[in-house]
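Below is one structure, written out as structure tokens; comments come after it.
The values are calculated or read from the model by the stated rules, or taken from the named source; none is laboratory data. Being a predicted model, the structure only gives us computed values, none of them experimental. Positions of Cβ are backbone-derived with ideal geometry, glycine not excepted, and every protein chain shown enters the neighbour counts. Protein only, heavy atoms only, side chains kept; ligands, DNA and RNA dropped before computing areas. Shrake-Rupley method; radii C 1.70, N 1.55, O 1.52, S 1.80 Å.
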Amino acid sequence: MIDPTRLLSTAALLSLVAGSAQAETWRYAFEEAIDEVQGVFAQKFKEEVEANTDHTVELYPYGTLGESADIMEQAQSGILQFVDQSPGFTGSLIPEAQVFFVPYLLPQDTETLATFFENSTAINEMFPELYAEQGLELLTMFPEGEVAITTKEPFETPEELSNVKVRTMTNPLLVESYRAFGATPTPLPWGEVYGALQTDIIQGQENPMFFIESTKMYEVTDYVTMIGHNNFTTAVMANQQFYEGLSDEDRQAVEDAIDVAFDHIIEYQKGLHDASIEKIKEAKPSMTFTTLTDEQRQPFRDAAEEVEQQFLEMTGDGGQEILDQMKKDLEDAQGATSG
């Protein structure tokens, strides 16, 4: 059944004529609030563009133009010029993007991560070709912080996650990850998560710590557990037709603004994880935080091997090439930062 409110929303959006390369105003939507990590990146991008071009940038935080699927459609159609969306939501369009959900692939060290995202051949040369096939110009990817799991009961082993319904994005590999971890993965739109936890439809969810704090997930869960399995990644894209129609000067201004915003967001996140924990403790002193030891993480690591194989089964030779290149890029980044 077609949702009439969706029709109204679509009609309203279609009244916004997609900007041409010469448009005075560029529209940029993202998946978080204006004061969260994606919003901070977007604000710096806007600041740089408006300081160095005649264009203005309108920012649309989460919920302004619908859910994640909605803003992706709007970016592909040209209603939006820019969009920031996690590869987790683009897995159906670009299966290889699910590589960012292979558990224990990405390190937690922020310096290594920044070096990796800046210099990775997979990210800067291979992924842009895949995004281009979907009418999107990949401008950058960046990390948003270690992913933690909030639950109503404590756990330290996959067995203790048995029958625990954990909300996931609608991403096949993330679903398989939580199944391998022993939980019952439950895909839900983000807007339904708080209520689902409140009513015990689900008993857990995962996100970076700043997002757990800002969305008050601690109000409807009691335990935060860090198993070290992932670091949340997001991608900033432009509508490809729009981007290719830009003048050389405007294109350079966009690229420069992306570079400045990238450096800004890496710096902004230093200490953000720990600061968010302190805010949660202040708001809810009874909240329990647990970081699993390397020994405790081993069963989850063992389960991750199965998930990596499932990724390769889903994506074939293309996925193998991406995964191999990312592993090489990560080795190079670790070597650069340790040296």
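Brief remarks follow.
- Scanning segment 105-125 for residues being surrounded by 19 or more Cβ atoms within 10 Å (Cβ to Cβ) and outside any helix (DSSP H, G or I) gives a total of 3.
- Applying a threshold of 6 Å to beta carbon distances and a minimum spacing of six or more residues, or different chains, the list of pairs starting in segment 22-46 at a residue that is in contact (Cβ under 8 Å) with a residue 12 or more places away in the chain and ending at one that is small (G, A, S) and surrounded by 24 or more Cβ atoms within 10 Å (Cβ to Cβ) reads Y28/A42; F30/A42; F41/A261; K44/A261; F45/A261.
- The sole residue among I280, I322, I266 that is β-branched (V, I, T), farther than 29 Å from I94 by Cα and in a helix (DSSP H, G or I) is I280.
- Pairs linking a residue in segment 230-257 that is within 11 Å of F82 (Cβ to Cβ) to a residue that is part of a strand (DSSP E or B) and open to solvent by 40 Å² or more (accessible area, probe 1.4 Å), with Cβ atoms under 9 Å and 6 or more positions apart or on different chains, are M237/E137; A238/E137; N239/E137; F242/E137; Y243/E137.
- Selected residue (only one of G271, G319 is open to solvent by less than 90 Å² (accessible area, probe 1.4 Å) and either on the phi > 0 side of the Ramachandran plot or of a type in the set (A, V, I, L, M, F, W, C) (or both)): G271
- Of all residues in segment 288-315, those being hydroxyl-bearing (S, T, Y) and assigned to a loop (DSSP other than H, G, I, E, B) number 1.
- All positions within segment 139-150 that are open to solvent by 10 Å² or more (accessible area, probe 1.4 Å) and over 14 Å from the mean Cα position of the chain (by Cα): L139
- Among the residues of segment 138-173, those that are within 30 Å of D259 (Cβ to Cβ) and in a loop (DSSP other than H, G, I, E, B) comprise M169, N171.
- Tally of residues being more than 13 Å from F100 (Cβ to Cβ), of a type in the set (A, V, I, L, M, F, W, C) and touching a Gly at 6+ places or on another chain (Cβ under 7 Å) across segment 293-331: 1
- Of the set (1) open to solvent by less than 50 Å² (accessible area, probe 1.4 Å); (2) touching a residue at least 24 places away in the same chain (Cβ under 8 Å), all apply to L312 but (2).
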